[in-house]
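These notes concern the structure reproduced below.
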Amino acid sequence: IEFSPQWQAILGLRYDNFGIDFTNNRNAQKLENTDTPISPRAGLIYKPFTEMSLYASYSLAFAPRAGEQLSSLTVTNQAFDPEKFKNIEVGAKWDVSKDLTLSAAVYQLDRSNVAITDPSDSTKTILVDGQRSQGVELAVSGKLSPAWSIMGGYAYQDATITRTQSATAKAGAKLAQVPTHSASIWNRYDLNSQWGVAAGVVYRGAIYPSTDNLVSLPGFTRVDAAL
């Protein structure tokens, strides 16, 4: 919806029907379940001038159970409810020129109905709430000159467990496999219509391989080049 050249709104509503008809071939159990979630999203955009957009958005999304998440279910433990994601974000996009764009965003993502192993019975799965990721994303994309193109970004993520979920997933712990800092940049320069050179750097900070946070994997930096 365009209210004026400066103000716009984006509204959406999604209806899903997740139907699961699952047979466990190891014990011949048959499990059936249907979920019909409704996912709203809304965004407000303000354009102080043509080349810049400031926005705020809210969205709710769902992901059905699949694959190995189904293997531990039983008739008495049908943890089928779809995973739920709630995201709030504010940001800005700026077309510095017709060929170069900068963007920035601050967000908060809450994840619930997460399937984890039941601490009291390793053969079962239970659903828990309490995972939150907050962060900042910066990005650049486009051309600095007719021959020089660039694409890069930086992300800061604070991803934590907000509610104790098991003996090895306690409130305040960092989520597994999520680096606090990550960045990348890629440059390409065209020497002529046939030849070009390129170089880039990828950085990923330290991560915890599991939610018990007992072991830390160090960060790394990778350098790439191309001709």
Hey, Tyr156 surrounded by 15 or more Cβ atoms within 10 Å (Cβ to Cβ) and at pLDDT below 95 or not: no
Complete set of residues in the stretch 9-33 that are part of a strand (DSSP E or B) and open to solvent by 90 Å² or more (accessible area, probe 1.4 Å): Leu11, Leu13, Arg14, Tyr15, Asp21, Lys30, Glu32
Residue list for the stretch 1-34, filter: modelled with pLDDT of 85 or more and charged (D, E, K, R): Glu2, Arg14, Asp16
Residue check, Ala183 closer than 19 Å to Val128 by Cα, open to solvent by less than 40 Å² (accessible area, probe 1.4 Å) and not aromatic (Phe, Trp, Tyr): no
Extreme residue, modelled with the lowest pLDDT, among residues of the stretch 107-129 that are open to solvent by 50 Å² or more (accessible area, probe 1.4 Å) and outside any strand (DSSP E or B): Pro119
Count - residues of the stretch 130-153 that are of a type in the set (Asp, Glu) and either open to solvent by less than 60 Å² (accessible area, probe 1.4 Å) or at pLDDT below 75 (or both): 0
Whichever residue in the stretch 189-209 is more than 30 Å from Asp158 (Cα to Cα) and either in contact with a Lys or Arg (Cβ under 9 Å, 6 or more places away or on another chain) or among the β-branched types (Val, Ile, Thr) (or both) and, among such residues, is most open to solvent (accessible area, probe 1.4 Å): Val197
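The values are calculated or read from the model by the stated rules, or taken from the named source; none is laboratory data. Note that this is a predicted model, so its numbers are computed, not measured. Cβ: placed from backbone, ideal geometry, glycine included. Neighbour counts: every protein chain shown. We work out accessible area using only protein heavy atoms, side chains counted, and drop any ligands, DNA or RNA first. Shrake-Rupley method; radii C 1.70, N 1.55, O 1.52, S 1.80 Å.
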